[in-house]
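Q: Please read through the structure below; I'll follow up with questions.
The values are calculated or read from the model by the stated rules, or taken from the named source; none is laboratory data. Note that the structure is a prediction, hence the values are computed from the model and not measured. Cβ sites come from the backbone with ideal geometry, for glycine too, and all protein chains shown count toward neighbours.
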Amino acid sequence: MGSQLKQRIEDATKNAMRARERQQLGALRLINAALKQVEVDERKVLGDTDVLSVLNRMLKQRRDSFEQYEAAGREDLAAQE
């Protein structure tokens, strides 16, 4: 059982490579790496709900980082997040 969502992310990664969109490609590669890490750690193929769970966890991490950067007055790093 594969994930349609994971396939869409992989396709978007390929399209970003072709279009030479560096920032989008970097974000998509981070997502792919996180998904692959979960697959290896849990030794299973991820379904759509698993992919959404990983994406939500990553989103929470980004929001926390953004808030911490803003609180520290690091607008340059906050903009990057």
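Q: It is to be established whether one or more residues within the stretch 22-41 are over 13 Å from the mean Cα position of the chain (by Cα), among the charged types (D, E, K, R) and closer than 20 Å to L5 by Cα.
A: yes
Q: May I pose another question? Hey, which of the helices (runs of 4 or more DSSP H) in the chain, taking only ones fully inside, have at least 2 residues that are among the hydrophobic types (A, V, I, L, M, F, W, C), at pLDDT below 90 and surrounded by fewer than 15 Cβ atoms within 10 Å (Cβ to Cβ)? Let's see the steps before the verdict.
A: Values: elements: 4-19, 22-42, 48-71, 75-80.
Output list reads 75-80.
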